[in-house]
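The values are calculated or read from the model by the stated rules, or taken from the named source; none is laboratory data. Please read these numbers as outputs of a predicted model, since none were measured by experiment. Using ideal geometry, Cβ is built from the backbone for each residue, glycine included, and neighbour counts are taken over all protein chains shown.
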Amino acid sequence: MSRRADAPGRFPLAAPLVWLLREPLVHFALLGSLLSGAWLLWRPAPVERVVIPKELVAARQAELARRDGHPPSESLLRVALGEDIDGEVLFREAVRRRLGEGDIIVRRRLIQKMEYLAEALQPRQVPTEAELRAQLERARTRYELPSRIALRQVFVSRERHPNDLQAAALSLRTALGQQAEGALVGAAQTLGDPHPLGTELPLHSEEELARIFSTELAAAAFRLADGQWSAPLASAHGLHLVQVAARQAGQLPPFEQLRERLRLDVEESQKSLRRRQALDALRQRYQVVIERPTQ
């Protein structure tokens, strides 16, 4: 028997393989697969739209107009908007590549923004008048106006008495003590050195006097008995002899004057409750699994 007759028995798959290689449909399928693979590898990236909102464009136009004194040209405006466009492109690429994952600073910032947004979306209830009055009763001292005093002062300038400041102040105090009650106003105006605030100071709280003069002077002035001249009290510019001319006790303003402040305080006190409600609503969307460490 010839070798050609033995061939089919020795290579049983040769005939079907030859047939497949000669079949035009197979060639077409292979070529299509190659073209599809090449397109997937070298296809251009999908183009995303970056829309610069008209509000931002108007803001950039206004900035350039203020700087240059006239409306900007189209080319100058495009240059100015270039930074905004670059920033948006970089931001989108960073999100696409997940560059923020694992960054504790980015994570914390996103949490803060989402927390603010969730709380802002939580419905707010306008406090009732009963709630406002309850807030007033809970923190009455918070809303009371402080006690105030009006002062009469005699000033001894550090510049005019660089060497005898204390002695000059004590001498003036002695002179003031010798004045009759009705002559004190005139004496205060003629004795001592000029002061920017004059000799008669209107009603001030202790905190206000501390800002004007010093903490020590304010505290000492509020401890003075009526009609008593103080010892020399220091400020940054010299020594002061002060006397209480009038007093006003602390008082609570009318409710209507406090209404807006009370409303803000009540809403602020409810802020933590709104935050908790917002977080509880968000948690409903998630299944929380707490993995325990192995013992």
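Per-structure values
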{"quantity": "Residues of region 214-270 satisfying the condition of being in contact with a strand residue (DSSP E or B) (Cβ under 6 Å, 6 or more places away or on another chain) and either among the aromatic types (F, W, Y) or on the phi > 0 side of the Ramachandran plot (or both)", "calculated": "W229, G238"}
{"quantity": "Residue match in region 147-154 (condition: of a type in the set (D, E, K, R), surrounded by fewer than 16 Cβ atoms within 10 Å (Cβ to Cβ), touching a His at 6+ places or on another chain (Cβ under 7 Å) and within 30 Å of P194 (Cβ to Cβ))", "calculated": "no"}
{"quantity": "Region 239-295: number of residues that are more than 23 Å from Q112 (Cα to Cα), surrounded by 10 or more Cβ atoms within 10 Å (Cβ to Cβ) and among the charged types (D, E, K, R)", "calculated": "5"}
{"quantity": "Verdict on S75 being of a type in the set (S, T, N, Q), at pLDDT 65 or above and more than 51 Å from the chain's Cα centre (by Cα)", "calculated": "no"}
{"quantity": "Helices (runs of 4 or more DSSP H) contained in region 215-288 and holding at least 2 residues of a type in the set (K, R) and within 30 Å of the chain's Cα centre (by Cα)", "calculated": "255-269, 271-283"}
{"quantity": "Any pair with Cβ under 9 angstrom, 6 or more apart, that starts in region 221-239 at a residue that is outside the structural domain of Q178 (by TED's automatic domain parsing) and among the acidic types (D, E) and ends at one that is part of a loop (DSSP other than H, G, I, E, B) and modelled with pLDDT of 90 or more", "calculated": "none"}
{"quantity": "Test: residue in region 198-208 that is surrounded by 12 or more Cβ atoms within 10 Å (Cβ to Cβ), charged (D, E, K, R) and under 38 Å from the mean Cα position of the chain (by Cα)", "calculated": "yes"}
{"quantity": "Hits in region 220-239 - residues which are touching a helix residue (DSSP H, G or I) at 6+ places or on another chain (Cβ under 9 Å) and more than 19 Å from E208 (Cα to Cα)", "calculated": "G227, W229, A231, P232"}
{"quantity": "Whichever residue in region 127-152 is in a helix (DSSP H, G or I) and of a type in the set (A, V, I, L, M, F, W, C) and, among such residues, is farthest from A218 (Cα to Cα)", "calculated": "A130"}
